[in-house]
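Trainee: Sharing a structure below in structure tokens format, with a few things to ask.
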Amino acid sequence: MPAHAMSAAVALERLREGNQRFAAGLRSTEVLATHTRRADLLKGQEPFAIVLGCSDSRVPAEIVFDQGLGDLFVIRVAGNIVAPSQVGSVEFAATKFGTPLVVVLGHSDCGAIAATLEELRQPAATRSRNLRSIVNRIRPSIEALLATEPRENPEALIREAAKANVRASVDHLRHGSEILEELVAGGGLRIVGAEYSLETGLVEFHDEATEAG
């Protein structure tokens with residue numbers, strides 16, 4: 001596996017700084033000029049972070065983190081779920097490019113989370129099997145919430161469900177792949193969860209100690 005020049009800590013800080021620029025309505029001059037790197041990138045790529053995010057059109061990772069061509073290896077799927085193809089994509093980038101950081105990026109007001117909560121309350125016989133496959137991957141992480149206090153508050157429920165789903169995806173990546181598990185254990189890879197707020201434009205990164213527990 002090629003060694004990446006950037007550490008996970010530096011990569012995470014670069015994402016934080018980029019997101020702060022985005023939320024403030026600013027753009028990095030370097031990012032604005034990255035279209036000039038197209039020819040250079042024909043020789044290869046060295047993305048400094050892997051982002052597994054939701055397909056929601058309001059949460060494009062490169063824009064949210066104010067990054068340019070060749071900076072991020074982005075995997076997008078409704079509900080930022082983890083299925084074999086997503087695991088394989090993360091494995092590919094982590095081993096092929098030595099990318100040191102994986103961010104599972106959820107967001108507020110997620111339609112896939114809302115659909116799963118609706119399914120738990122009232123199963124829909126007309127839902128396609130393909131959509132149901134997404135719902136079924138989210139279901140285990142949030143089912144228990146319906147027996148807790150947030151169930152009486154729809155806004156709190158969907159907020160807590162989004163957090164739980166991100167934690168489940170992070171856990172799946174950390175422990176559902178021997179390749180990723182070895183990279184994490186060896187210090188060559190860091191996997192963190194995060195949530196993007198549609199209201200503020202800010203990304204909140206989850207506490208790793210809480211996720212690991």
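Trainee: Please work out if Ser89 is free of Cβ contacts under 8 Å to residues at least 60 places away in the same chain, surrounded by fewer than 20 Cβ atoms within 10 Å (Cβ to Cβ) and of a type in the set (Gly, Ala, Ser).
Mentor: Working: free of Cβ contacts under 8 Å to residues at least 60 places away in the same chain: yes; surrounded by fewer than 20 Cβ atoms within 10 Å (Cβ to Cβ): yes; of a type in the set (Gly, Ala, Ser): yes.
Answer is yes for this residue.
Trainee: Test each condition in (1) touching a Gly at 6+ places or on another chain (Cβ under 8 Å); (2) of a type outside the set (Asp, Glu); (3) surrounded by fewer than 18 Cβ atoms within 10 Å (Cβ to Cβ) for Pro123 and report the one that comes out false.
Mentor: The failed condition is (1).
Trainee: A further question follows. Please list, ordered by first then second residue, the pairs with beta carbon atoms under 9 Å, 6 or more apart or interchain, first in the range 49-72 and without any contact (Cβ under 8 Å) to a residue 60 or more places away in the chain and surrounded by fewer than 18 Cβ atoms within 10 Å (Cβ to Cβ), second among the hydrophobic types (A, V, I, L, M, F, W, C) and part of a loop (DSSP other than H, G, I, E, B).
Mentor: Every condition considered, the pairs that remain are Ser55/Val77; Glu62/Leu69.
Trainee: Right, another one. Could we say that Leu117 is over 25 Å from Ala61 (Cα atoms) and part of a helix (DSSP H, G or I) here?
Mentor: So Leu117 passes the test.
Condition check ((1) of a type outside the set (Val, Ile, Thr); (2) modelled with pLDDT of 95 or more; (3) in contact with an Asp or Glu (Cβ under 7 Å, 6 or more places away or on another chain); (4) more than 21 Å from Thr200 (Cβ to Cβ)) across all residues:
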position: Val51; (1), (2), (3), (4): no, yes, no, no
position: Ile75; (1), (2), (3), (4): no, yes, no, yes
position: Gly98; (1), (2), (3), (4): yes, yes, no, yes
position: Val103; (1), (2), (3), (4): no, yes, no, no
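Trainee: If I go through the range 175-198 residue by residue, how many of them are charged (D, E, K, R) and touching a residue at least 24 places away in the same chain (Cβ under 8 Å)?
Mentor: 2
Trainee: Moving to a separate point now. Please specify each residue of the range 189-213 satisfying the condition of being modelled with pLDDT of 95 or more and part of a loop (DSSP other than H, G, I, E, B).
Mentor: Passing the criteria: Leu189, Ser197, Leu198, Glu199, Thr200, Gly201, Leu202.
Trainee: Working only within the range 24-37, note down all residues that are surrounded by 16 or more Cβ atoms within 10 Å (Cβ to Cβ) and either within 22 Å of the chain's Cα centre (by Cα) or more than 15 Å from Leu72 (Cβ to Cβ) (or both).
Mentor: Passing the criteria: only Val31.
Trainee: Moving to a separate point now. Against the condition in a helix (DSSP H, G or I), among the small types (Gly, Ala, Ser) and over 22 Å from Ala168 (Cα atoms), how does Ala94 come out, does it pass?
Mentor: So Ala94 fails the test.
Trainee: Taking the conditions exactly as written (part of a helix (DSSP H, G or I), farther than 28 Å from Ser177 by Cα and in contact with a Lys or Arg (Cβ under 8 Å, 6 or more places away or on another chain)), does Arg37 satisfy them or not?
Mentor: no
The values are calculated or read from the model by the stated rules, or taken from the named source; none is laboratory data. Only a predicted model underlies this, so the values are computations on that prediction, with no experimental measurement involved. Using ideal geometry, Cβ is built from the backbone for each residue, glycine included, and neighbour counts are taken over all protein chains shown.
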